[in-house]
Structures are given as C-alpha cells and as structure tokens.
Amino acid sequence: MILNFGSINLDLVYRVATLPTPGETLASTGYEKYLGGKGVNQSIAAHRCGADVLHLGCLGPDGNWLREQIADFGLSLEGIKTVEDHTGHAVILVDDSAENQIVLYGGSNRAFTMDQIETALKKANPKTDWVICQNETNLVQEIAQAAKSMNLRVAYSAAPFEAEHAIPMLDHIDLLAVNEVEAAALQDALGKDPRDIGLRYLLVTKGAEGADLHTHHETLHQPAFSVTPKDTTGAGDTFLGAFMAEFTLSNNPAKALCFAAAASAIQVTRAGAAPAIPMRDEVLAFLKENQ
Ligand code: RIB
C-alpha cells in the first residue's frame with residue numbers, strides 16, 4: 001500500500017493566451033474547476049496506475065465537492081478529515097504553449113495533526129508499504145520522521161521547493177523526487193550535488209529531456225516520449241504517482257521510469273491535473289504503440 005499524506009486543492013484554472021506580466025490585467029479565454037493538489041494528484045496517479053493507495057488529507061467545511069470528486073476518482077475517504085480552515089485552493093493560469101503559473105492557498109492542507117499522522121501510520125506494513133509526502137501540507141518532517149521510526153520507506157516530493165524545508169528531510173527519506181529547477185536550487189543550498197549525499201533513490205524529472213533515477217550503484221536515464229502538450233499542470237505529480245505504482249508492483253526501477261514517462265506524456269496532452277491522469281491500461285497501450 002502507498003500512504004500519501006498529501007494536499008487536496010480546488011484548482012481554479014483559467015486559460016490565457018500568454019501569462020500576465022506584473023500590473024497587467026488579462027481576460028481569460030476559458031475557466032474550469034477541478035480536483036487538484038500535488039498530493040491528491042499523486043494519489044490518483046498511483047491508484048489509476050494500479051497501486052493500493054490510502055490518501056490522508058484535510059478539507060474544510062466548504063470541501064464537499066472535492067470530497068465527492070475524491071470518491072469519484074476511486075480513492076477511499078477513510079483518511080480525509082474535515083477541519084475548520086477554508087479548503088486549500090490553487091489559482092492556475094495556463095497559456096497557449098501549455099505553460100502555467102500557480103498561486104496556492106494552503107488553508108486546510110496546513111491542518112494535519114500528529115494524532116492523525118500516528119493513527120494513519122499504524123495501518124502501514126513496513127515490509128511492503130511506502131509513505132509519500134510533499135511540501136503543500138504542514139508537519140512534513142514529522143510525517144517522514146514518524147514513518148522512518150516505524151521502518152517504513154518514505155518518498156518525498158520537494159515541491160513547492162523551499163530549501164529550508166527540503167534539507168532537514170534528507171535524513172528521513174528513501175526517495176527524493178525533484179525537477180531540474182528544484183535539483184539546481186537544492187544543489188545551491190547544499191553547496192554540493194544532491195547525487196553525492198547518499199540518497200537511496202534520487203529521481204530527477206527533466207521535462208522534454210526525460211528523467212534520471214540515481215541510486216547508490218547506477219544512474220538510469222529515461223527519455224521523454226514526444227507529444228504535443230496542452231496543459232503541463234500536474235505532470236510531475238503524475239510521474240511520481242505512476243512511478244511509485246509501477247515500482248511497488250514490479251520492483252523494477254527501469255520499468256517504473258518508463259511507465260511513469262508514458263503516464264505523464266499522456267497526461268500533458270489533456271486539460272487539468274487530476275482528470276488528465278491516465279488509467280493503467282491506457283499507459284500500457286501507449287507503451288505498446290510507442291516503444
Ligand atoms: O502540481 C499541480 C498542482 O499544484 C495543482 O493541482 C495545484 O493544486 C497545485 O498544488
């Protein structure tokens with residue numbers, strides 16, 4: 001099982017011709033609302049790609065639509081707690097070249113408690129299970145520390161990136177997932193290459209350049225599949241969720257990298273983050289056609 005202590009956002013998505021410059025007022029050409037949040041996007045990707053997932057998250061009293069969406073995506077509501085804060089949300093602008101800009105309101109995502117974390121971790125099996133966390137919730141370091149103290153394996157996506165949050169995590173995780181920009185920022189903050197700090201798995205996604213998985217023994221490179229993107233929001237979340245699903249199923253990191261590259265290639269050709277995430281069968285069909 002994958003236990004994902006992760007954010008849940010209402011994504012308010014505006015299509016724009018170009019991203020606005022400071023002081024500019026811009027009319028949007030389209031508007032949609034979706035279930036989103038890096039955490040729940042990863043959970044949906046892992047679930048759709050075949051993993052057994054328990055998502056742990058917090059919604060405000062205004063989060064009923066998101067609660068229904070989570071259930072419609074096939075995730076259990078067992079780990080979703082209602083708290084007093086407003087539900088987390090994201091204002092997302094997507095331009096004609098599929099680039100985006102995101103403003104986050106953390107809200108309910110910052111309401112995790114140690115009690116909630118410890119109760120959830122009791123459901124995990126150290127022999128088989130992984131814990132996932134990212135920076136959109138509070139208590140991220142506490143989640144990783146508590147999971148490690150129970151001998152669980154921890155995957156951490158250091159996004160949105162802040163060095164002061166990422167660096168203390170490095171002692172408590174088995175897998176660090178970053179994009180190239182985050183990897184460079186981490187290198188600056190550490191004063192050394194993140195490949196040299198002894199991480200068991202360092203996953204670096206590089207957009208059109210593909211992805212690298214650095215382990216103690218080797219570096220696996222996976223080229224990106226060539227597609228025409230429509231919306232890249234959630235591509236990194238899809239990559240990590242799909243990678244974790246295939247890795248936990250096959251225990252084959254090269255196969256998991258390739259599977260994740262295919263899942264995120266499909267995902268960017270569709271609008272939205274969570275609704276764009278493909279099912280396992282779609283990923284396998286894509287691989288059959290494109291390998
Ligand atoms: O990674 C994409 C996600 O980032 C969006 O769904 C948005 O909610 C923000 O968390």
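So the values come out like this:
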{"item": "Aspartates and glutamates with Cα under 15 Å of Lys148, excluding same-chain neighbours fewer than 8 positions away", "result": "Glu118, Asp129, Asp171, Asp174"}
{"item": "Accessible area expressed per residue, the chain, with surrounding protein chains retained (probe 1.4 Å, Å²)", "result": "44 Å²"}
{"item": "Difference of contour (0.36 nm per residue) and Cα-Cα distance, Thr113 to Ser97", "result": "1.8 nm"}
{"item": "Mean ellipticity per residue at 222 nm, deg cm²/dmol - from DSSP H runs of n ≥ 4 across the chain, formula -39500 (n - 2.57)", "result": "-10000 deg cm²/dmol"}
{"item": "Within the accessible area of region 1-88 (1.4 Å probe), percent carbon and sulfur", "result": "50 percent"}
{"item": "Cα centroid separation - region 268-284 against region 97-123, whole Å", "result": "22 Å"}
{"item": "Note, ³J(HN,Hα) from phi for region 186-196, Karplus 6.51, -1.76, 1.60, rounded to Hz, x at Gly and Pro", "result": "5, 4, 4, 5, 7, x, 7, 5, x, 5, 9"}
{"item": "FRET efficiency, 1/(1 + (r/R0)^6) with R0 22 Å, evaluated for Val181 and Ser250 via beta carbons", "result": "0.15"}
{"item": "Förster-model FRET efficiency, 25 Å R0, Arg200 and Asn290, C-beta, rounded to 0.05", "result": "0.25"}
{"item": "Where labels lie 7 Å past Cα in the beta-carbon direction, separation of Glu68 and Ser226 in nm", "result": "4.4 nm"}
{"item": "Normalised contact order of the chain, rounded percent, pairs of Cα under 8 Å and 6 or more residues apart", "result": "19 percent"}
{"item": "15 Å beta-carbon shell around Ala245, net charge (K/R +1, D/E -1)", "result": "-2"}
{"item": "Dipole magnitude (debye, nearest 20) for region 133-232, charges at Cβ of Lys, Arg, Asp, Glu", "result": "280 debye"}
{"item": "Too-long pairs where the Cα-Cα distance tops 32 Å, listed order kept, from Lys33/Lys122; Lys123/Lys230; Lys122/Lys255; Lys33/Lys206; Lys122/Lys192", "result": "Lys33/Lys122; Lys123/Lys230; Lys122/Lys192"}
{"item": "Region 4-98: relative contact order as a whole-number percent, Cα under 8 Å and 6+ apart", "result": "40 percent"}
{"item": "Net length gained if the chain between Thr82 and Asp281 were fully extended (0.36 nm per residue, minus Cα distance)", "result": "68.3 nm"}
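The values are calculated or read from the model by the stated rules, or taken from the named source; none is laboratory data. From a predicted model like this one, the values you see are computed outputs, not experimental measurements. Reconstructed Cβ throughout: ideal geometry from the backbone, glycine too, with neighbour counts over all protein chains shown. Heads up: the accessible areas ignore ligands, DNA and RNA and are worked out on the full protein's heavy atoms, side chains in. Shrake-Rupley method; radii C 1.70, N 1.55, O 1.52, S 1.80 Å.
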